[in-house]
Amino acid sequence: MKKSIRAFVTLFLAAAAFSHSALAVVYPLPAANSRLTGQNLEITIPEDSKLPLEAFAAQYQMGLSNLLEANPGVDVYLPKAGSKLIIPQQLILPDAPREGIVINSAEMRLYYYPKGTKTVVVLPIGIGELGKDTPVNWTTSVQRKKDGPTWTPTKKMHEEYAARGESLPAVFPAGPDNPMGLYALYIGRLYAIHGTNANFGIGLRVSHGCVRLRADDIKWLFDNVPVGTRVQFIDQPVKATVEPDGSRYVEVHNPLSQTEEQFQSREPVPLTLSAAVTKVVSDASVNTTSMEQALKVRSGMPVKVNGDTDSTAPVVVQEQEGASPKEEPMTPVTPQGANVVEAENGDATTAAAPQPAEQTAPEQSASEPAAAGQSAPAATDTPAESNTQAIPGLSQPGPIYSTPKS
(Lines give C-alpha, C1' and ligand atoms only; values in the text may rest on other atoms or scores of the structure.)
Protein backbone atom coordinates (compact mmCIF):
# COMPACT_ATOMS: atom_id res chain seq x y z
CA MET A 1 0.00 0.00 0.00
CA LYS A 2 2.82 2.39 0.92
CA LYS A 3 4.51 1.75 -2.43
CA SER A 4 1.30 2.50 -4.31
CA ILE A 5 0.88 5.78 -2.44
CA ARG A 6 4.48 6.72 -3.17
CA ALA A 7 3.97 5.85 -6.82
CA PHE A 8 0.94 8.13 -6.92
CA VAL A 9 2.86 10.98 -5.31
CA THR A 10 5.76 10.44 -7.72
CA LEU A 11 3.46 10.52 -10.73
CA PHE A 12 1.65 13.59 -9.40
CA LEU A 13 4.82 15.59 -8.76
CA ALA A 14 6.41 14.54 -12.02
CA ALA A 15 3.31 15.65 -13.90
CA ALA A 16 3.32 18.93 -12.00
CA ALA A 17 6.95 19.44 -12.95
CA PHE A 18 6.04 19.33 -16.62
CA SER A 19 3.45 22.05 -16.08
CA HIS A 20 5.51 25.20 -15.76
CA SER A 21 2.71 27.54 -14.82
CA ALA A 22 3.04 28.76 -11.25
CA LEU A 23 0.79 26.52 -9.16
CA ALA A 24 0.93 25.72 -5.49
CA VAL A 25 2.76 22.49 -4.66
CA VAL A 26 0.01 20.28 -3.23
CA TYR A 27 0.90 17.07 -1.41
CA PRO A 28 -1.45 14.28 -0.36
CA LEU A 29 -1.66 14.36 3.42
CA PRO A 30 -0.06 11.23 4.89
CA ALA A 31 -1.84 9.18 7.54
CA ALA A 32 -1.85 10.45 11.11
CA ASN A 33 0.98 8.04 12.01
CA SER A 34 3.16 9.25 9.12
CA ARG A 35 4.80 12.59 8.31
CA LEU A 36 6.84 11.76 5.18
CA THR A 37 5.42 12.99 1.89
CA GLY A 38 6.47 13.98 -1.61
CA GLN A 39 9.30 12.91 -3.88
CA ASN A 40 12.49 14.64 -4.93
CA LEU A 41 12.99 15.57 -8.57
CA GLU A 42 16.11 15.76 -10.68
CA ILE A 43 16.42 18.16 -13.59
CA THR A 44 19.21 18.93 -16.03
CA ILE A 45 20.20 22.54 -16.60
CA PRO A 46 19.73 23.16 -20.35
CA GLU A 47 22.93 23.42 -22.36
CA ASP A 48 22.05 26.91 -23.55
CA SER A 49 20.86 28.18 -20.16
CA LYS A 50 21.97 31.63 -19.04
CA LEU A 51 19.52 31.75 -16.15
CA PRO A 52 20.29 32.29 -12.45
CA LEU A 53 19.35 29.73 -9.81
CA GLU A 54 16.35 31.86 -8.81
CA ALA A 55 14.70 31.12 -12.17
CA PHE A 56 14.74 27.39 -11.48
CA ALA A 57 13.70 27.91 -7.85
CA ALA A 58 10.63 29.85 -9.00
CA GLN A 59 9.83 27.32 -11.71
CA TYR A 60 9.65 24.46 -9.20
CA GLN A 61 8.13 26.40 -6.28
CA MET A 62 11.31 26.36 -4.20
CA GLY A 63 13.15 28.95 -2.16
CA LEU A 64 16.79 29.67 -2.89
CA SER A 65 17.80 28.23 0.48
CA ASN A 66 16.06 24.93 -0.38
CA LEU A 67 18.05 24.56 -3.62
CA LEU A 68 21.32 25.67 -2.03
CA GLU A 69 21.01 23.07 0.73
CA ALA A 70 20.08 20.27 -1.67
CA ASN A 71 22.78 21.24 -4.21
CA PRO A 72 25.92 22.34 -2.32
CA GLY A 73 28.32 24.26 -4.50
CA VAL A 74 25.76 25.25 -7.13
CA ASP A 75 26.41 28.66 -8.71
CA VAL A 76 23.74 31.14 -7.60
CA TYR A 77 24.32 33.39 -10.59
CA LEU A 78 24.68 30.79 -13.34
CA PRO A 79 24.18 27.07 -12.63
CA LYS A 80 26.44 25.05 -14.90
CA ALA A 81 24.81 24.07 -18.18
CA GLY A 82 24.29 20.31 -18.43
CA SER A 83 24.62 19.80 -14.67
CA LYS A 84 22.04 18.01 -12.53
CA LEU A 85 19.90 19.92 -10.04
CA ILE A 86 17.96 18.24 -7.24
CA ILE A 87 14.54 19.74 -6.52
CA PRO A 88 13.84 18.83 -2.86
CA GLN A 89 10.11 18.16 -2.99
CA GLN A 90 10.17 15.32 -0.49
CA LEU A 91 9.79 16.52 3.09
CA ILE A 92 8.80 15.70 6.63
CA LEU A 93 5.77 17.59 7.87
CA PRO A 94 6.56 19.88 10.83
CA ASP A 95 5.92 18.70 14.36
CA ALA A 96 2.81 20.86 14.70
CA PRO A 97 -0.97 20.45 14.40
CA ARG A 98 -2.15 19.85 10.84
CA GLU A 99 -4.40 22.86 10.93
CA GLY A 100 -4.45 26.20 9.15
CA ILE A 101 -1.06 27.71 8.32
CA VAL A 102 2.23 26.56 9.84
CA ILE A 103 5.31 28.69 9.10
CA ASN A 104 8.67 27.03 9.77
CA SER A 105 11.25 29.80 9.61
CA ALA A 106 14.22 27.42 9.73
CA GLU A 107 13.31 25.78 6.41
CA MET A 108 11.63 28.91 4.99
CA ARG A 109 8.44 27.11 4.09
CA LEU A 110 4.78 27.80 4.70
CA TYR A 111 2.42 24.83 5.12
CA TYR A 112 -1.31 25.26 4.60
CA TYR A 113 -3.77 22.51 5.49
CA PRO A 114 -7.06 23.23 3.66
CA LYS A 115 -10.00 21.91 5.67
CA GLY A 116 -11.58 18.70 4.43
CA THR A 117 -9.13 18.10 1.57
CA LYS A 118 -6.59 15.61 3.01
CA THR A 119 -3.86 17.68 1.32
CA VAL A 120 -1.15 20.10 2.40
CA VAL A 121 0.02 23.05 0.30
CA VAL A 122 3.70 23.93 0.69
CA LEU A 123 5.06 27.31 -0.39
CA PRO A 124 8.55 28.88 -0.09
CA ILE A 125 8.86 32.12 1.84
CA GLY A 126 11.24 34.96 2.66
CA ILE A 127 11.60 35.93 6.32
CA GLY A 128 13.05 38.65 8.56
CA GLU A 129 16.60 39.87 8.63
CA LEU A 130 18.93 39.45 11.59
CA GLY A 131 17.50 41.64 14.33
CA LYS A 132 14.21 42.16 12.47
CA ASP A 133 12.71 38.90 13.40
CA THR A 134 9.91 36.85 11.97
CA PRO A 135 8.21 35.47 15.10
CA VAL A 136 8.69 31.92 16.34
CA ASN A 137 6.76 29.97 18.96
CA TRP A 138 3.64 32.02 18.32
CA THR A 139 0.10 31.00 17.41
CA THR A 140 -2.29 33.61 16.03
CA SER A 141 -4.78 33.89 13.17
CA VAL A 142 -5.52 35.68 9.92
CA GLN A 143 -7.26 38.85 11.09
CA ARG A 144 -8.14 40.24 7.68
CA LYS A 145 -7.07 40.27 4.04
CA LYS A 146 -6.32 43.15 1.70
CA ASP A 147 -6.33 43.27 -2.08
CA GLY A 148 -3.94 46.10 -2.96
CA PRO A 149 -2.23 46.96 0.35
CA THR A 150 -0.47 50.29 0.79
CA TRP A 151 2.78 50.65 2.71
CA THR A 152 3.97 53.53 4.87
CA PRO A 153 7.72 53.32 5.66
CA THR A 154 8.53 54.02 9.30
CA LYS A 155 10.73 56.83 10.56
CA LYS A 156 13.50 54.32 11.21
CA MET A 157 13.38 53.08 7.62
CA HIS A 158 13.61 56.63 6.30
CA GLU A 159 16.69 57.13 8.48
CA GLU A 160 18.29 53.90 7.24
CA TYR A 161 17.80 54.89 3.63
CA ALA A 162 18.97 58.46 4.22
CA ALA A 163 22.19 57.10 5.76
CA ARG A 164 22.83 55.31 2.45
CA GLY A 165 22.08 58.43 0.45
CA GLU A 166 18.72 57.07 -0.69
CA SER A 167 15.16 58.16 -0.09
CA LEU A 168 11.75 56.57 0.30
CA PRO A 169 8.34 58.07 -0.48
CA ALA A 170 6.09 58.82 2.46
CA VAL A 171 3.56 56.23 1.28
CA PHE A 172 3.77 53.50 -1.34
CA PRO A 173 0.37 53.32 -3.03
CA ALA A 174 -1.21 50.02 -3.94
CA GLY A 175 0.09 48.55 -7.18
CA PRO A 176 2.87 46.47 -8.71
CA ASP A 177 5.62 48.75 -7.38
CA ASN A 178 4.50 48.35 -3.78
CA PRO A 179 7.09 46.37 -1.75
CA MET A 180 4.21 44.47 -0.12
CA GLY A 181 3.07 43.22 -3.50
CA LEU A 182 -0.56 43.03 -4.53
CA TYR A 183 -2.08 41.02 -1.67
CA ALA A 184 -1.68 40.78 2.09
CA LEU A 185 -3.00 38.56 4.88
CA TYR A 186 -2.70 40.42 8.19
CA ILE A 187 -1.94 38.15 11.13
CA GLY A 188 -2.39 39.14 14.74
CA ARG A 189 -2.41 42.81 13.61
CA LEU A 190 1.35 42.77 14.12
CA TYR A 191 2.61 41.11 10.98
CA ALA A 192 1.52 40.22 7.47
CA ILE A 193 1.93 37.45 4.96
CA HIS A 194 2.27 39.34 1.69
CA GLY A 195 3.79 39.49 -1.77
CA THR A 196 6.77 41.45 -3.02
CA ASN A 197 7.71 43.71 -5.92
CA ALA A 198 11.09 41.99 -6.36
CA ASN A 199 11.75 38.82 -8.33
CA PHE A 200 14.12 37.29 -5.81
CA GLY A 201 14.33 37.06 -2.04
CA ILE A 202 12.20 33.96 -1.50
CA GLY A 203 14.14 31.50 0.61
CA LEU A 204 16.23 34.35 2.05
CA ARG A 205 16.23 36.59 5.10
CA VAL A 206 15.30 39.91 3.58
CA SER A 207 12.25 41.44 5.27
CA HIS A 208 11.68 43.51 8.41
CA GLY A 209 9.86 40.56 9.95
CA CYS A 210 6.92 39.82 7.68
CA VAL A 211 6.55 36.68 5.57
CA ARG A 212 7.06 37.22 1.83
CA LEU A 213 5.83 35.06 -1.02
CA ARG A 214 6.10 35.19 -4.78
CA ALA A 215 3.25 36.95 -6.56
CA ASP A 216 1.36 33.84 -7.69
CA ASP A 217 1.74 32.18 -4.31
CA ILE A 218 0.32 35.07 -2.29
CA LYS A 219 -2.51 35.37 -4.81
CA TRP A 220 -3.31 31.68 -4.26
CA LEU A 221 -3.29 32.11 -0.48
CA PHE A 222 -5.38 35.26 -0.72
CA ASP A 223 -8.00 33.43 -2.76
CA ASN A 224 -8.05 30.26 -0.66
CA VAL A 225 -7.28 31.09 2.98
CA PRO A 226 -10.29 32.43 4.92
CA VAL A 227 -10.13 35.09 7.61
CA GLY A 228 -9.90 33.44 11.02
CA THR A 229 -7.51 30.72 9.84
CA ARG A 230 -5.11 29.55 12.53
CA VAL A 231 -1.46 30.58 11.95
CA GLN A 232 1.41 28.99 13.87
CA PHE A 233 5.05 30.15 13.71
CA ILE A 234 7.72 27.58 14.55
CA ASP A 235 11.49 27.16 14.21
CA GLN A 236 12.38 23.52 13.52
CA PRO A 237 15.70 23.16 11.66
CA VAL A 238 15.69 19.42 12.39
CA LYS A 239 12.59 17.31 11.81
CA ALA A 240 12.26 13.58 12.36
CA THR A 241 9.65 10.90 11.88
CA VAL A 242 9.01 7.22 12.51
CA GLU A 243 7.04 5.85 9.58
CA PRO A 244 4.45 3.02 9.83
CA ASP A 245 6.97 0.45 8.54
CA GLY A 246 9.47 1.44 11.26
CA SER A 247 11.70 3.54 9.01
CA ARG A 248 13.21 6.55 10.76
CA TYR A 249 13.97 9.71 8.81
CA VAL A 250 15.58 13.02 9.69
CA GLU A 251 15.51 16.26 7.70
CA VAL A 252 18.23 18.73 8.64
CA HIS A 253 18.35 22.41 7.65
CA ASN A 254 20.87 25.10 8.49
CA PRO A 255 19.55 26.88 11.59
CA LEU A 256 19.00 30.62 11.54
CA SER A 257 21.93 32.70 12.75
CA GLN A 258 21.30 34.11 16.20
CA THR A 259 24.03 36.76 16.31
CA GLU A 260 25.97 38.97 13.94
CA GLU A 261 29.05 36.90 14.75
CA GLN A 262 27.33 33.72 13.61
CA PHE A 263 26.08 35.42 10.48
CA GLN A 264 29.54 36.63 9.50
CA SER A 265 31.26 33.34 10.35
CA ARG A 266 31.83 30.60 7.80
CA GLU A 267 31.29 28.03 10.54
CA PRO A 268 27.82 26.47 10.55
CA VAL A 269 25.40 27.43 13.29
CA PRO A 270 25.32 24.68 15.94
CA LEU A 271 22.35 22.34 15.85
CA THR A 272 20.13 21.62 18.81
CA LEU A 273 18.01 18.46 18.75
CA SER A 274 14.58 18.85 20.29
CA ALA A 275 13.21 16.25 22.68
CA ALA A 276 10.88 14.96 19.95
CA VAL A 277 13.74 14.53 17.46
CA THR A 278 15.99 12.97 20.09
CA LYS A 279 13.31 10.40 20.86
CA VAL A 280 13.18 9.36 17.19
CA VAL A 281 16.94 9.12 16.64
CA SER A 282 17.93 7.55 19.97
CA ASP A 283 16.39 4.22 19.02
CA ALA A 284 18.80 1.28 18.92
CA SER A 285 18.02 0.71 15.23
CA VAL A 286 19.47 4.08 14.18
CA ASN A 287 22.76 3.92 12.31
CA THR A 288 25.11 6.37 14.04
CA THR A 289 27.13 6.96 10.87
CA SER A 290 24.00 7.78 8.85
CA MET A 291 22.81 10.14 11.55
CA GLU A 292 26.13 11.95 11.80
CA GLN A 293 26.28 12.28 8.03
CA ALA A 294 22.81 13.79 7.93
CA LEU A 295 23.83 16.34 10.59
CA LYS A 296 26.99 17.12 8.67
CA VAL A 297 25.53 17.54 5.20
CA ARG A 298 22.34 19.41 6.20
CA SER A 299 20.76 18.75 2.82
CA GLY A 300 17.28 19.88 3.82
CA MET A 301 15.95 16.55 2.50
CA PRO A 302 14.66 13.52 4.46
CA VAL A 303 17.37 10.94 5.10
CA LYS A 304 16.68 7.43 6.35
CA VAL A 305 18.89 6.68 9.35
CA ASN A 306 17.97 3.09 10.24
CA GLY A 307 17.76 -0.25 8.48
CA ASP A 308 18.62 -0.51 4.81
CA THR A 309 19.50 2.69 3.00
CA ASP A 310 16.53 4.26 1.25
CA SER A 311 17.17 3.54 -2.42
CA THR A 312 14.37 5.78 -3.73
CA ALA A 313 15.97 7.92 -6.42
CA PRO A 314 14.72 11.36 -7.43
CA VAL A 315 12.23 11.45 -10.27
CA VAL A 316 14.13 12.46 -13.39
CA VAL A 317 12.31 15.25 -15.21
CA GLN A 318 13.08 15.14 -18.91
CA GLU A 319 13.82 18.46 -20.57
CA GLN A 320 11.06 19.58 -22.89
CA GLU A 321 11.25 22.17 -25.60
CA GLY A 322 9.94 25.48 -24.36
CA ALA A 323 9.79 24.24 -20.78
CA SER A 324 12.71 26.28 -19.43
CA PRO A 325 11.88 29.05 -16.98
CA LYS A 326 11.57 32.50 -18.44
CA GLU A 327 14.31 35.02 -17.86
CA GLU A 328 13.45 38.17 -15.97
CA PRO A 329 15.61 41.18 -15.09
CA MET A 330 17.08 40.92 -11.61
CA THR A 331 15.39 43.61 -9.56
CA PRO A 332 16.67 44.68 -6.15
CA VAL A 333 14.88 43.53 -3.03
CA THR A 334 13.33 46.52 -1.29
CA PRO A 335 13.52 46.14 2.49
CA GLN A 336 9.99 46.82 3.65
CA GLY A 337 8.26 47.26 6.94
CA ALA A 338 7.35 44.15 8.81
CA ASN A 339 4.91 45.22 11.42
CA VAL A 340 2.39 46.99 9.24
CA VAL A 341 -1.19 47.59 10.26
CA GLU A 342 -3.56 49.17 7.82
CA ALA A 343 -5.69 51.93 9.29
CA GLU A 344 -9.40 52.12 8.71
CA ASN A 345 -8.88 54.72 5.98
CA GLY A 346 -6.80 52.22 4.02
CA ASP A 347 -3.39 53.79 4.63
CA ALA A 348 -0.80 51.65 6.35
CA THR A 349 0.24 52.46 9.86
CA THR A 350 2.73 50.61 11.98
CA ALA A 351 2.32 48.25 14.90
CA ALA A 352 4.36 47.12 17.84
CA ALA A 353 7.22 44.73 17.69
CA PRO A 354 6.23 41.82 19.92
CA GLN A 355 7.64 41.81 23.43
CA PRO A 356 7.38 39.22 26.22
CA ALA A 357 4.42 40.15 28.39
CA GLU A 358 6.45 39.97 31.57
CA GLN A 359 9.14 42.37 30.34
CA THR A 360 9.21 46.11 29.95
CA ALA A 361 9.57 46.84 26.27
CA PRO A 362 12.90 48.46 25.39
CA GLU A 363 13.00 51.41 23.07
CA GLN A 364 11.83 50.18 19.68
CA SER A 365 13.24 50.99 16.32
CA ALA A 366 10.90 52.97 14.16
CA SER A 367 10.21 49.85 12.12
CA GLU A 368 8.67 48.30 15.21
CA PRO A 369 6.41 50.86 16.90
CA ALA A 370 3.66 49.91 19.33
CA ALA A 371 0.02 49.00 18.85
CA ALA A 372 -1.94 49.28 22.04
CA GLY A 373 -3.98 46.42 23.39
CA GLN A 374 -2.41 43.65 21.32
CA SER A 375 -1.09 40.44 22.79
CA ALA A 376 2.24 39.49 21.27
CA PRO A 377 4.47 36.47 20.88
CA ALA A 378 7.51 36.06 23.04
CA ALA A 379 10.66 37.58 21.65
CA THR A 380 12.26 35.18 19.24
CA ASP A 381 15.39 33.41 20.29
CA THR A 382 16.56 32.84 16.74
CA PRO A 383 16.83 36.15 14.90
CA ALA A 384 17.11 35.85 11.16
CA GLU A 385 20.05 36.80 9.02
CA SER A 386 20.30 40.06 7.10
CA ASN A 387 20.98 39.61 3.42
CA THR A 388 19.28 42.39 1.56
CA GLN A 389 22.10 43.76 -0.55
CA ALA A 390 24.76 41.19 -1.32
CA ILE A 391 23.85 38.19 -3.45
CA PRO A 392 27.23 36.47 -2.83
CA GLY A 393 26.17 36.12 0.80
CA LEU A 394 23.42 33.74 -0.25
CA SER A 395 25.77 30.75 -0.31
CA GLN A 396 25.31 28.29 2.52
CA PRO A 397 28.05 27.09 4.89
CA GLY A 398 28.11 23.78 3.04
CA PRO A 399 28.58 20.27 4.35
CA ILE A 400 30.58 21.10 7.48
CA TYR A 401 29.88 18.98 10.54
CA SER A 402 29.08 20.62 13.84
CA THR A 403 28.31 18.61 16.95
CA PRO A 404 24.81 19.43 18.19
CA LYS A 405 24.44 21.09 21.55
CA SER A 406 23.59 18.72 24.36
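The values are calculated or read from the model by the stated rules, or taken from the named source; none is laboratory data. All figures in this text were calculated on a predicted structure; none of them were measured in a lab. Note that we place each Cβ from the backbone using ideal geometry, even for glycine, and neighbour counts take in every protein chain shown. Ligands, DNA and RNA are stripped out before the accessible areas are found, and what is left, the full protein with its side chains, is counted by its heavy atoms. Shrake-Rupley method; radii C 1.70, N 1.55, O 1.52, S 1.80 Å.
Being of a type in the set (A, V, I, L, M, F, W, C), under 16 Å from the mean Cα position of the chain (by Cα) and farther than 22 Å from residue 55 by Cβ, is that true of even one residue in the stretch 179-188? For the stretch 179-188, residues of a type in the set (A, V, I, L, M, F, W, C), under 16 Å from the mean Cα position of the chain (by Cα) and farther than 22 Å from residue 55 by Cβ: absent. Among the residues of the stretch 134-175, which ones are within 24 Å of the chain's Cα centre (by Cα) and among the acidic types (Asp, Glu)? Residue satisfying the conditions is 147 alone.
Among the conditions (1) at pLDDT below 95; (2) open to solvent by 60 Å² or more (accessible area, probe 1.4 Å), the only one that residue 54 does not satisfy is (2). For the stretch 79-116, filtering for residues that are on the phi < 0 side of the Ramachandran plot and within 11 Å of the chain's Cα centre (by Cα) leaves 9.
Within the stretch 301-330, the set of residues being at pLDDT below 95 and either among the small types (Gly, Ala, Ser) or within 15 Å of residue 238 (Cβ to Cβ) (or both) comprises 307, 311, 313, 322, 323, 324.
Residue-level analysis places residue 72 outside the set of residues that are open to solvent by less than 40 Å² (accessible area, probe 1.4 Å), assigned to a loop (DSSP other than H, G, I, E, B), out of contact with any Cys (no Cβ under 7 Å at 6 or more places or on another chain) and not basic (Lys, Arg).
The number of residues in the stretch 279-311 being of a type in the set (Ser, Thr, Tyr) and open to solvent by 60 Å² or more (accessible area, probe 1.4 Å) comes to 5. Of the candidates 91, 123, the single residue that is touching a helix residue (DSSP H, G or I) at 6+ places or on another chain (Cβ under 6 Å) and either open to solvent by less than 10 Å² (accessible area, probe 1.4 Å) or at pLDDT 95 or above (or both) is 123. For the stretch 166-193, which positions are open to solvent by 30 Å² or more (accessible area, probe 1.4 Å), within 28 Å of residue 105 (Cα to Cα) and either of a type in the set (Asp, Glu) or modelled with pLDDT of 80 or more (or both)? Listed by number, the residues that qualify are 172, 174, 176, 177, 182, 183.
When you look at residue 81, is it in contact with a Lys or Arg (Cβ under 8 Å, 6 or more places away or on another chain), open to solvent by 10 Å² or more (accessible area, probe 1.4 Å) and not acidic (Asp, Glu), yes or no? Taking the combined requirement at face value, the residue does not satisfy it.
Filtering 275, 215, 198 for residues that are small (Gly, Ala, Ser), open to solvent by 10 Å² or more (accessible area, probe 1.4 Å) and at pLDDT below 85 leaves a single hit, 198.
Table: residues versus (1) of a type outside the set (Asp, Glu); (2) open to solvent by 20 Å² or more (accessible area, probe 1.4 Å); (3) in a loop (DSSP other than H, G, I, E, B); (4) in contact (Cβ under 8 Å) with a residue 24 or more places away in the chain.
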position	(1), (2), (3), (4)
31	yes, yes, yes, yes
43	yes, no, no, yes
58	yes, yes, no, yes
62	yes, no, yes, yes
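Residues of the stretch 255-296 that are of a type in the set (Val, Ile, Thr) and under 21 Å from residue 243 (Cβ atoms): 277, 278, 280, 281, 286, 288, 289. Take the conditions (1) closer than 27 Å to residue 25 by Cα; (2) at pLDDT below 90; (3) out of contact with any Gly (no Cβ under 9 Å at 6 or more places or on another chain); residue 206 misses just one of them, which is (3). Close Cβ contacts (under 7 Å, 6 or more residues apart or on different chains) running from residues in the stretch 64-87 that are in contact (Cβ under 8 Å) with a residue 60 or more places away in the chain and of a type in the set (A, V, I, L, M) to residues that are open to solvent by 40 Å² or more (accessible area, probe 1.4 Å) and in a loop (DSSP other than H, G, I, E, B) comprise 68/395; 68/396; 76/395; 86/314.
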